[in-house]
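**Q** Mind looking over this structure? Questions follow.
The values are calculated or read from the model by the stated rules, or taken from the named source; none is laboratory data. Since this is a predicted model, take the numbers as computed values, not measurements. Cβ atoms come from the backbone with ideal geometry, glycine included; neighbour counts cover every protein chain shown.
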Amino acid sequence: MNDALIAVLPVALGALAASIPVVAMAAVVAGSAARSVAVAFTVGWVAGLLVASGVGLLVFDVMAADADRAPWVHGLRAVLGFALLAIAARKLFTRGGGEAEPGWMRAMSSLTGARAFVLAFALGSVNPKNLVIAVSAAAVVVEATPEIPTQVVAMVAFVAVASLGVATPVVAVTVAGERAAEPMGRFVRWFGRHSGVVLGAVLAVIGIGIAVPALMALFG
């Protein structure tokens, strides 16, 4: 089990860093909507990431049952890493003008609980960036161990670490109340101005971290 947890931890930390846009959304919801809406958003994110991770794990396990594990896992990891690099390049070179209050901020402040859950679920499960990261985590885990229970524990740990940032705003509001509004507001405004650079840099680091070891294992 330790091997799988150690292997997936870097990807989980990368997913945590890459969730910054969703953290900003959660901060807007927590600061401007009812607490139940913020909770629904957080639960939706966790549920979506669990589904994406579970599907990725299922696909890799089914494929691994009929083929030599190492070559195709390494190759697919490399492809996933390059996909993240492509997304990173798009973020870096097509970033917006840094407006003080992007449209998504205004939209997030008016969400209902059901819409917050559905939006966060989609962000965690079918958003290309987060889906690629979750599938990459599944590939790392399947490569580390063939034991299904250990794989499940490792993927649950991945989701838990990756969700720490998104859960922070609702926890902050619950614990600190109105005192949390100002720091969350500063974070949201900062991210609104620098989102392209921040997210592009984070995704580039994650992509390199996934692709390079896979290529070294594949051709080394």
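**Q** For Thr174, work out the one condition from (1) farther than 27 Å from Ala89 by Cβ; (2) modelled with pLDDT of 90 or more it doesn't fulfil.
**A** (2) is the only condition that Thr174 fails.
Here's the yes/no breakdown for (1) crowded, with 19+ Cβ neighbours inside 10 Å; (2) modelled with pLDDT under 90:
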{"position": "Leu5", "(1), (2)": "no, no"}
{"position": "Ala12", "(1), (2)": "yes, no"}
{"position": "Gly48", "(1), (2)": "yes, no"}
{"position": "Asp68", "(1), (2)": "no, yes"}
{"position": "Val79", "(1), (2)": "no, no"}
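**Q** Starting from residues that are more than 16 Å from Pro21 (Cα to Cα) and of a type in the set (Val, Ile, Thr), keep the ones in segment 200-214 and report whichever is surrounded by the most Cβ atoms within 10 Å (Cβ to Cβ).
**A** Ile210
**Q** Name every residue in segment 94-118 that is among the aliphatic types (A, V, I, L, M) and modelled with pLDDT of 65 or more, in order of residue number.
**A** Selection gives Ala107, Met108, Leu111, Ala114, Ala116, Val118.
**Q** Related question: Only one residue in Gly192, Gly185, Gly177 is in a helix (DSSP H, G or I), at positive phi and surrounded by fewer than 21 Cβ atoms within 10 Å (Cβ to Cβ), so which one is that?
**A** Gly177
**Q** Filter segment 126-156 down to the residues that are among the hydroxyl-bearing types (Ser, Thr, Tyr) and assigned to a helix (DSSP H, G or I), then identify the one that is farthest from Val46 (Cα to Cα).
**A** Thr150
**Q** Here's another thing I want to ask about it. Scan segment 109-128 for residues that are among the charged types (D, E, K, R) and buried (at least 22 other Cβ atoms within 10 Å of the Cβ) and jot them down.
**A** Result: no residue meets the conditions.
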